[in-house]
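We did not get these values from a lab; they are worked out from the coordinates using the rules stated. Predicted model only: the values in this text are computed from it and were never measured. Here the Cβ positions follow ideal geometry from the backbone for every residue, glycine too, while neighbour counts run over all protein chains shown.
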Number of protein chains: 4
Amino acid sequence: MSVNSFGRLFRFTTWGESHGPAIGAVVDGCPPGLAIDESAIQPFLDARRPGQSKFTTQRQEPDQVRILSGVFEGQDGVRRTTGTPISLMIENVDQRSKDYSDVAKAYRPGHADYAYDAKYGFRDYRGGGRSSARETASRVAAGGVARLVVPEVTILAYVSEIGGDAINMANFDAAEIGNNPFFCPDPEAAKRWETIVDKARKAGSSVGAVVECVATGVPAGWGAPLYGKLDADLAAAMMGINAVKGVEIGDGFAAARLTGEQNADPMRPGTNGPAFDANHAGGIAGGISTGQPVVVRVAFKPTSSILTPQPTVTREGEATELFTKGRHDPCVGIRGVPVVEAMMALVLADHKLLHRGQCG
Amino acid sequence: MSVNSFGRLFRFTTWGESHGPAIGAVVDGCPPGLAIDESAIQPFLDARRPGQSKFTTQRQEPDQVRILSGVFEGQDGVRRTTGTPISLMIENVDQRSKDYSDVAKAYRPGHADYAYDAKYGFRDYRGGGRSSARETASRVAAGGVARLVVPEVTILAYVSEIGGDAINMANFDAAEIGNNPFFCPDPEAAKRWETIVDKARKAGSSVGAVVECVATGVPAGWGAPLYGKLDADLAAAMMGINAVKGVEIGDGFAAARLTGEQNADPMRPGTNGPAFDANHAGGIAGGISTGQPVVVRVAFKPTSSILTPQPTVTREGEATELFTKGRHDPCVGIRGVPVVEAMMALVLADHKLLHRGQCG
Amino acid sequence: MSVNSFGRLFRFTTWGESHGPAIGAVVDGCPPGLAIDESAIQPFLDARRPGQSKFTTQRQEPDQVRILSGVFEGQDGVRRTTGTPISLMIENVDQRSKDYSDVAKAYRPGHADYAYDAKYGFRDYRGGGRSSARETASRVAAGGVARLVVPEVTILAYVSEIGGDAINMANFDAAEIGNNPFFCPDPEAAKRWETIVDKARKAGSSVGAVVECVATGVPAGWGAPLYGKLDADLAAAMMGINAVKGVEIGDGFAAARLTGEQNADPMRPGTNGPAFDANHAGGIAGGISTGQPVVVRVAFKPTSSILTPQPTVTREGEATELFTKGRHDPCVGIRGVPVVEAMMALVLADHKLLHRGQCG
Amino acid sequence: MSVNSFGRLFRFTTWGESHGPAIGAVVDGCPPGLAIDESAIQPFLDARRPGQSKFTTQRQEPDQVRILSGVFEGQDGVRRTTGTPISLMIENVDQRSKDYSDVAKAYRPGHADYAYDAKYGFRDYRGGGRSSARETASRVAAGGVARLVVPEVTILAYVSEIGGDAINMANFDAAEIGNNPFFCPDPEAAKRWETIVDKARKAGSSVGAVVECVATGVPAGWGAPLYGKLDADLAAAMMGINAVKGVEIGDGFAAARLTGEQNADPMRPGTNGPAFDANHAGGIAGGISTGQPVVVRVAFKPTSSILTPQPTVTREGEATELFTKGRHDPCVGIRGVPVVEAMMALVLADHKLLHRGQCG
């Protein structure tokens, strides 16, 4: 019932704090025989890595992943998974613990400081400890393994909105996503966001973002009704990412404003199962994939770490003010993109194995 | 890994189909010694029961729950939980299987028919079988037990929007919720909704809805980071309800449009832990409750069953048209209210026990 | 984390007490499309049914199982599993609650009375409540479903020893097992046991027994190292049966007295994988099946319910004496045979699905 | 459903192979605030460490454990658990991979080689890979953490029998256990075992052993009927240890040869709950602890690695002979003692938290 694990058959457990010696993940349930190497995982960590532009935290972490178990070099010289647990480790390099002395005494508003203290009574306050977004590097590494399990699926996430300024879908160009520091598929929006995020950064403020993720190639039939539904698992996966406050599948809240006719996804004969005229459902019906693209939308709140002092209380319950001195992202949603992709991969890998195990 | 179970320590498993002889739930992990009786559960089932107004399906189900195990009448004549599994059963009375003959041959668009067939290859098509919203009666019954575990918490859900028409929070009156067939806290909105829903009903159409749920009295410290977070569990719980396509905690997607300053929840000294100046976070930080009200918002799509014929395909892959002849809710979100409340209770009961087990 | 559930992918949850209105099981994870009917399950319940000879309890229970969900009659008129939870219910008919009035006040030695009170503080004392061997009927019913999942496997259990008197393997005849009230494969031993058990019965005493179970047809490769090993799961499954105090795989404790050479299971080329010269390992190596017969041996203590008064204490902690007035088995191991078979089937079904889900 | 994890609330996951760079465990669910340090864990690893006498394998591993997460030095300078996952790592130092070249081609009888290949189709054959007893170092490390959770319990294991030669309980002296290389509480038996094990070692043979483990101080009420029973969990924990073939609770198989009167554990008024006249039950009734010492007995087969060539088959199915060249324990049961203790601690820690979470 491990609360630091996620998944059923393809299951990962993460460990580590922002300012400990290392962080990592143990991936259990990966099928044997898959070609794997650090180089299969590193690119996803690189995409998430901090300090790559002025729009993200300046903490410098190489985020080099090491595979400590679960792989073996076969006679053909290719390293492959063996079906045993894959232990992934990433060393923490650039911790500056001195930045967090104030946080030992008082609770940062919007952060998990008070909640952790209420739960545990004792906490590693350096950089948020376990609640730091640094932990998401472990998920991204685990997600790199998950992608190997679902080679039939293509996962693409991008930022669709920053500070209330949305992309224009008419400008959508997947090739643009890697060309700007915002994972933005609309080059015009990317330009506007430079101003928005830079302004927030200079003011010591922060802005929120919306990330969309589309998985194509998911066959019909993945999902485990009624309490392991594909959409419910995706909702948990995404809502569990740091700073996320909302999750939508397909049309999401907009569907609540449609009529049954407007929301219908009519079917026609297709080449491989039915062809659909629309995808309001976001590729999932009754908790099971329909063969259409799986579409998820995730809302990230603005980073809670801001320079404007906020009223708060000390551990002793006295009034004080606090502002956050450390290095932080002015828009935490940006680096959420590789994390959202990783969680999508992890959920799909799990459901692929579940489907294989239960049926037929 | 049971996919028809939900929860960790307080865990329920549901069974049953729309047109089988009965449906039910087994609740495992309920602490012993709690006074319980069918009368503690029945009111919640009555609230969800179909056929009570012209705005819901006309299927007539008494939905009388029976407790088959896990309780015992002590020497004081009070029936109490014994700590062993509580088996709850509800008989199906008003099945009309003949309504569903067409569905055996072709897939209803927007329904789970095709997805279930892709997954299982064999399905009980009568009334949607297991994917029918009838199953939610089992959750509501289990939720009635869960409420006994968290007597310190008050759970209130209501419809905040139907067909795109939202309530005016200035008119909010909790006492009104039971006075109209829409669980609407705004009497003016309730009047408007009569027209909206009646129009949809008469046209054989349907409309979507948004349900809000607020839990007050949740102490700080409930939640299990990082993969059993309170918000992630609530997201899974709500997204797993039939017809739900979106979940928000606190400000949800609106938070993505705020700055860090606007989204802050400053703290001041309070009588029992900090007092908060705002609740953008919806009572949860870092996946753990903060002591503020826990606020969830849930989007229900319009009922997929509509009278307008829709293009679809047969099991053999040929083009056809289908409209839904059975009895259905013109706005499935309305009867979602007791289900949302039940899922809130079930998640909170589980996290209360988890908190008790792991800490101190 | 449900503690009243067993299994991972093929998972069942039982509910019910000795003197409640009914008992039952919910089987989750059964693959779809398997032909099933009450008649596929009933024979196993009949084998376990009490009151069939003077050597078992005289409680008269028809133990008629009802399938309440998860099956559907296809167009060919055959009822099949649908992949959704299968709810099985057995009504309790012959409860005589008046027999247990003493037990409300004092703890029966050897029974779970005191332990349950220490754990729960409140208990259904009638017939042992949840701790009664009556619950094993639910397992046997669930096991009937499990057998349908592993048709390639033949499971055979029998009593190999009663009151210290063992069968002679030279006399072993599987066809004899059904010809005596002891599930005894050695007709000579069966005759001796009549005397042994009858003597115990008349004296109000009881005797222990050893049950052996052999599963043939299990292919190599089932098992999930390292903490879901096939032998570890079998050990848990068997040790969890009422009155069981020991479990052996293959040679068990006798292997501890062998040398490495004596204990070796040499392999030679075979038709379908290796052929083995011996099976000291009981068909499992490293927690994974080897293709040889899976062999388990289970020790049942003598029934704790005896007529000789035993010193004990009341709930208030005062000294008293107690003897058991109810109807009981003089040798509870006998009726353990169908339960051991059921648990074997349940574990194997689970591991078959696990193997299918994780590999390839 | 992670198959490389064990436990429910107090749960650990192990990773690593015999010849990989490192092995380790992630411990999840440890309560916060417990004083902890590498020095709290290291002594148990030292007890299990190979190469300490001529009676165990000569592989030289320092087995230094590192804590990588989940602890924090509080203001009082004491490192304490924070309630977050505790990552434990042990580097592999003395791998000699060249010893295992034969094993790549053919299956060692009695080992998991063939079974792993049947399951995974691809394996790390060096030193048995994941199936090596080396992995038990991870369990022992995790067990060191578990002990901190149950300070009220004293756990003592010892070898009670080697090669069929049992200790004399009249000679039992707990203080002697650390005075010989066999964890033997009977100094006379220890002397005899020197001859037995040395003879086996010189002959390239091996002998089996029985390990007993007694946990005193376990309060009444721990255990989770019916499928998380304390005895069932102990059975799984012990049967899952490498080379184990049998598990007994209390009198075990001997109980099957007693009458109900002989097997009774009569109770009398005691100072803290009932006092018992005997402990045939081994401290567990109905799957729940009774307050008496919890007694487990575990049978270890003789090490399968022997110098006498055995008939076996190659991966291609051809006949061959194999003997084991690597460094091995002539009696693997000896070093099983710290592993049995660790598993006892791990099961008890889990049940303590479970009891706390579910009741009251």
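What to note about this one:
- Nm distances between copies for D:LYS202, ranked from closest, using label points 7 Å along Cα→Cβ: 6.0, 8.7, 10.4
- Magnitude of the charge dipole for the stretch D:82-219, about its Cα centre and with charges confined to Cβ atoms of Lys, Arg (+1) and Asp, Glu (-1), is about 680 debye.
- Here, the protein assembly as shown is characterised by an Rg to Rh ratio of 0.96, where Rg is the alpha-carbon radius of gyration and Rh the Kirkwood radius.
- With the label put 7 angstrom out from Cα along the Cα-to-Cβ vector, B:GLU188 ends up 3.9, 9.7, 9.7 nm from the copy partners, going from closest to farthest.
- For chain D, the Kirkwood hydrodynamic radius from C-alpha pairs, put into Stokes-Einstein at 20 °C and a viscosity of 1.002 mPa s, yields a diffusion coefficient of 100 µm² per second.
- Shielding by partners for peptide C:21-34, expressed as the average number of C-beta atoms from other protein chains within 10 Å of each residue's C-beta, is 6.
- Principal axis analysis of the Cα atoms in the stretch A:80-128 yields extents of 48, 26, 18 Å, listed in decreasing size.
- Its Cα centre serving as origin, chain C has a Cβ charge dipole (Lys and Arg +1, Asp and Glu -1) of approximately 720 debye.
- Residue by residue along B:100-113, Cβ atoms of other protein chains within 10 Å of the local Cβ number 3 on average.
- Value of Rg/Rh across the stretch B:164-274 [Cα atoms, Kirkwood radius]: 1.03
- Relative contact order (%) - criterion: Cα under 8 Å, at least six apart; region: the stretch A:56-202: 13 percent
- Residue of chain B whose Cβ sits closest to the axis mapping B onto D, with distance in whole Å: B:GLY357, 1
- Per-selection Rg to Rh, the stretch D:1-89 - Cα, Kirkwood hydrodynamic radius: 1.02
- Three principal axis lengths of the stretch D:267-358 [C-alpha, angstrom, descending]: 66, 31, 23
- Dipole of the stretch B:239-345 [Lys/Arg +1, Asp/Glu -1 at C-beta], most positive-end residue of B:ALA275, B:MET343, B:VAL313: B:VAL313
- Sorted peptide list for A:81-94, D:229-242, criterion being average Cβ within 10 angstrom, highest first: D:229-242, A:81-94
- Compactness of the stretch B:112-211 is given as radius of gyration and Dmax, 17.7, 51 Å, from Cα positions.
- Counting only Cβ charges, +1 for Lys and Arg and -1 for Asp and Glu, the dipole size of the protein assembly as shown around its Cα centre is about 0 debye.
- Working note: 222 nm ellipticity from helices only, DSSP H runs with n ≥ 4, each -39,500 (n - 2.57), summed and divided by the residues of the protein assembly as shown, gives -7500 deg cm²/dmol to the nearest 500.
- Set C:LYS229/D:LYS352; C:LYS54/C:LYS202; D:LYS202/D:LYS301; A:LYS352/C:LYS352; B:LYS229/D:LYS352 screened for pairs whose C-alpha atoms are more than 21 Å apart: C:LYS229/D:LYS352; B:LYS229/D:LYS352
- DSSP-loop GluC sites (Glu not before Pro) across the stretch D:252-340, with at most 15 other Cβ within 10 angstrom: D:GLU316, D:GLU318
- Each other copy places its own label point for C:ASN171 at 4.0, 8.7, 9.1 nm from this one, sorted shortest first, where the point lies 7 Å along the Cα-to-beta carbon line.
- Peptide-level mean, for B:171-179, of C-beta atoms on other protein chains within 10 Å: 0
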